[in-house]
Amino acid sequence: MPFTPFHLGPGLLVKGAVPRHVSLSAFAATQVVVDLEPLTFILRGEYPVHRWAHTVAVAGAVGLAVGAALWALGRRWRTTAAPALGRDLRWSAALVGGVIGGISHPLLDGLMHRDVRALRPFAETTWVLEPKGVAVLHLGCVMAGVLGAILLVVRRAKA
Ligand SMILES: [Zn+2]
């Protein structure tokens, strides 16, 4: 994705599908942490900008760590100012949200960025789309987000 926010579309869809089992907060925070890598290298003017943090193995581990960290913070929030955020950060949901966020990030980025080698160290495979495909990818991410938001609203209305 060109921007971290596009990742949130698929995250919202997963959250909408299984809201109690996936933390959107952990998913979203993982996107930001993983994209600190290209931001750092862009600011330094060093290429490639997508390196080890954009592999399934490392991004998945980053997601696990982010999920665990947010769970620890969520334990405090659950009883204080943000109870809904605390509920989103239950132990298993935070870990699952972080790991799904981490694993999906390089897989999706690989559709757009030629320097992503998401399967390292096992393979150097790439799967970059043509420009038209990238436009469809962006549209698909937005539509996934809209669908996920609708699912969440419908589920909340039924609750
Ligand atoms: Zn990225």
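The values are calculated or read from the model by the stated rules, or taken from the named source; none is laboratory data. If you're wondering where the values come from, they're calculated on a predicted model, not measured in any experiment. Quick reminder, even Gly has a Cβ in these numbers, built from the backbone with ideal geometry, and neighbours come from all protein chains shown. Ligands, DNA and RNA are excluded from the accessible area calculation, which covers all protein heavy atoms including side chains. Shrake-Rupley method; radii C 1.70, N 1.55, O 1.52, S 1.80 Å.
Heavy-atom accessible surface of Val136, to the nearest 10 Å², is about 100 Å², with a 1.4 Å probe and all protein chains retained.
For the Cα atoms of the chain, what angle does the longest principal axis make with the long axis of helix 91-109, in degrees from 0 to 90, nearest 10? So the helix axis and the longest Cα principal axis differ by about 20 degrees.
State the volume of the convex hull built on the alpha-carbon positions of segment 1-83, expressed per residue in Å³ and rounded to an integer. Expressed per residue, the convex hull around the Cα atoms of segment 1-83 is 110 Å³.
The gain in end-to-end length when the Ile42 to Ala57 segment is fully stretched comes to 3.2 nm, 0.36 nm per residue minus the alpha carbon separation.
Ranking Leu129, Pro106, Val96 by how far each Cα lies toward the positive end of the dipole of the chain (charges on Cβ) leaves Val96 at the top.
Relative to the dominant Cα principal axis of the chain, helix 24-34 is inclined by about 30°.
Averaging Cα coordinates gives a centre for segment 35-99 and one for segment 117-133; these two points are 23 Å apart. Taken along the Cα-to-beta-carbon direction at a fixed 7 Å, the label points for Leu139 and Trp91 span 4.5 nm.
Short-range pairs are left out: with C-alpha atoms under 8 Å and at least six residues apart, the relative contact order of the chain is 34 percent.
The helix-based estimate of mean residue ellipticity at 222 nm for the chain, built from -39,500 (n - 2.57) per DSSP H run of four or more residues and divided by its residue count, is -21500 deg cm²/dmol to the nearest 500.
Relative to the longest principal axis of the Cα atoms of the chain, the long axis of helix 8-17 makes an angle of roughly 40 degrees.
Taking only the alpha carbons of the chain, we obtain Rg and Dmax values of 16.1, 51 Å in that order.
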